[in-house]
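One structure is given below, encoded as structure tokens.
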Amino acid sequence: MADDDNRNYSRLDVTKLAFAKDGEQARGGLLKDISTTGAFLEFEYPLGRVEHSFANGDQVDLILEDATALSGTVMRTEDNGVAIAFDASNEEQREFLQVLVEAEWELREE
């Protein structure tokens, strides 16, 4: 399942509350897209942009609005957010993401 923008896996556009946490800092924002291999979290609030000090290579937990925690690594930082690659060695997490993404695609196709 590849996107037109050369990604290996299709990303699902979403708008859900989530937090990125690396032990020292936690920043909330909107989960903008997710796939079985990664996600993008945008740090924006109604009163303006949120400053963050996440850096490429940081190990983070992405906490979804239902309290699900997904482990990953920051692969790209932007002024307004971070792209996170999920931990590919975590089989349980990979299976959860596969079910989550497939179920959401099925709902959207109905």
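Within the bounds of region 1-12, is there any residue that is in a strand (DSSP E or B), at pLDDT 90 or above, touching a helix residue (DSSP H, G or I) at 6+ places or on another chain (Cβ under 9 Å) and not hydroxyl-bearing (S, T, Y)? No, the conditions are met nowhere in region 1-12. Condition first: touching a helix residue (DSSP H, G or I) at 6+ places or on another chain (Cβ under 6 Å) and surrounded by 16 or more Cβ atoms within 10 Å (Cβ to Cβ). Can you find one or more residues in region 32-43 that meet it? Yes.
Per-residue answers, yes or no, for (1) more than 16 Å from L97 (Cα to Cα); (2) aromatic (F, W, Y); (3) surrounded by fewer than 19 Cβ atoms within 10 Å (Cβ to Cβ):
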{"residue": "H52", "(1), (2), (3)": "yes, no, no"}
{"residue": "N56", "(1), (2), (3)": "yes, no, yes"}
{"residue": "A69", "(1), (2), (3)": "no, no, yes"}
{"residue": "G81", "(1), (2), (3)": "yes, no, no"}
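Taken as a whole, the structure places L17 among residues that are surrounded by fewer than 20 Cβ atoms within 10 Å (Cβ to Cβ), out of contact with any strand residue (DSSP E or B) (no Cβ under 6 Å at 6 or more places or on another chain) and part of a strand (DSSP E or B).
Taken as a whole, the condition of being at pLDDT 90 or above and under 15 Å from the mean Cα position of the chain (by Cα) does not apply to L100. Of all the criteria given as (1) modelled with pLDDT of 90 or more; (2) closer than 25 Å to L107 by Cα; (3) of a type in the set (K, R), the one not satisfied by R76 is (2). Applying the selection to region 34-46, what residues are under 11 Å from A20 (Cβ atoms) and either outside any loop (DSSP other than H, G, I, E, B) or touching a residue at least 60 places away in the same chain (Cβ under 8 Å) (or both)? A39, F40, L41, E42 - these are the residues of region 34-46 that are under 11 Å from A20 (Cβ atoms) and either outside any loop (DSSP other than H, G, I, E, B) or touching a residue at least 60 places away in the same chain (Cβ under 8 Å) (or both).
The values are calculated or read from the model by the stated rules, or taken from the named source; none is laboratory data. In this text the structure is predicted, and so the values were computed from the model without any measurement. Reconstructed Cβ throughout: ideal geometry from the backbone, glycine too, with neighbour counts over all protein chains shown.
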